[in-house]
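Inspection log for the structure reproduced underneath, given as structure tokens.
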Amino acid sequence: MKVGVIGVGAVGSAATLALLARGCAREIVLVDQDRARARGVALDMDYGLPLLPPVDLKAGDTADLAGANLLIITAGVNEAAGGATDRSDPSGRLRLLGRNAAIYRELVPELVAAAPQATIMVVTDPPDPLAGLTRILAKHDRVFSTGTVLDSLRFRVHLGQLLRVHPQDVQAYVVGEHGTSEVLLWSSANVAGVPVLDILSRQGQRMDEIREDVESQIRYANISIIEGIGASQYGIGLVTARIAQAVLRDERAVLPIGSHHPRYGVTFSLPSVVGAGGVLEVLEPDLSEDERRGLARGAERLKEALARLEAPARKSA
């Protein structure tokens, strides 16, 4: 299986290293506007290949992506460079949409021309509207975003800490936008089928305070990480590799990745069966009334962002 990683900054490099560790690709091509950077990253990782599953890793250009099964796009302006690190700014990652959409409009047609049969994973922030744009530019439906997989893992980690259990044993999802309008599904979160809300209630926990604290930490985790190390990269790198494995091995794994939902008219995340080609089926969970309203508000927020993005194009037409 052949994978192209387009954009070899902090996230692209972290994703590549995680891909190498998982051993789910036989060939990986690194493409970056800064060709020297791509060559340097490939060379650095090459020297660790004797410790890893067999893989051909190289730096290249767009033409070298021919025959790729999966293209992973991490190129674009990140949150720190794009000024999306203000907790009081309700736009969050959407502040980056205009600049990164311009990059995608130029980049995606080149990628599709080079690898027309490839499935495309969008990692660049904000991933959901960019995946929606990519779907239009690519003219096919084999497009998805990393969505709320990372947010869901963060939710599981925080609940595991509260309940003193391993996060692997917590089942909990975050849906909607990978951004400040995301919806944490407290109503269905459980451990071994026992609702998390029931466990916390029996422990005498103050639920309003817990929910506010956990949701704040998850919504702004990226900013906390950026404040410490300059970029949120390792978690999303691991997530990218995990999703890539599900696609490349046709696992039919259930992950909350972002795809286009005609019912809502936007691309965002719901639990989805993931395999060859991306999303094979969407599994809509039962939602509380508050969660349902939150998801609808998130969809409207994404529609408004896309409308603002399209307005300049209509004026120039």
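The values are calculated or read from the model by the stated rules, or taken from the named source; none is laboratory data. Everything quoted here is computed from the prediction, not taken from an experiment. A quick note on method: Cβ atoms are made from the backbone with ideal geometry, for glycine too, and the neighbour counts reach across all protein chains shown.
Structure summary
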read-out	value
Some residue of region 106-127 being in a helix (DSSP H, G or I), modelled with pLDDT under 95 and within 30 Å of Gly298 (Cβ to Cβ)	no
Condition met for His140 (free of Cβ contacts under 8 Å to residues at least 40 places away in the same chain, surrounded by fewer than 22 Cβ atoms within 10 Å (Cβ to Cβ), of a type outside the set (A, V, I, L, M, F, W, C) and within 30 Å of Asp64 (Cβ to Cβ))	yes
Of all residues in region 151-166 being buried (at least 24 other Cβ atoms within 10 Å of the Cβ) and over 19 Å from Arg206 (Cα atoms), the one that is farthest from the chain's Cα centre (by Cα)	Ser152
Filter result for Ala59 (touching a residue at least 60 places away in the same chain (Cβ under 8 Å) and either among the small types (Gly, Ala, Ser) or closer than 23 Å to Gly132 by Cα (or both))	no
Residue check, Ser187 among the hydroxyl-bearing types (Ser, Thr, Tyr), at pLDDT 95 or above, surrounded by 22 or more Cβ atoms within 10 Å (Cβ to Cβ) and within 22 Å of Ala299 (Cα to Cα)	no
Segments classed as strands (runs of 3 or more DSSP E), wholly inside region 234-296, with at least 3 members that are not hydrophobic (A, V, I, L, M, F, W, C)	258-261
Looking only at region 204-233, and only at residues there that are more than 14 Å from Glu182 (Cβ to Cβ) and outside any helix (DSSP H, G or I), the one that is modelled with the highest pLDDT	Gln233
Looking only at region 139-160, and only at residues there that are part of a helix (DSSP H, G or I) and aliphatic (A, V, I, L, M), the one that is nearest to Thr267 (Cα to Cα)	Val149
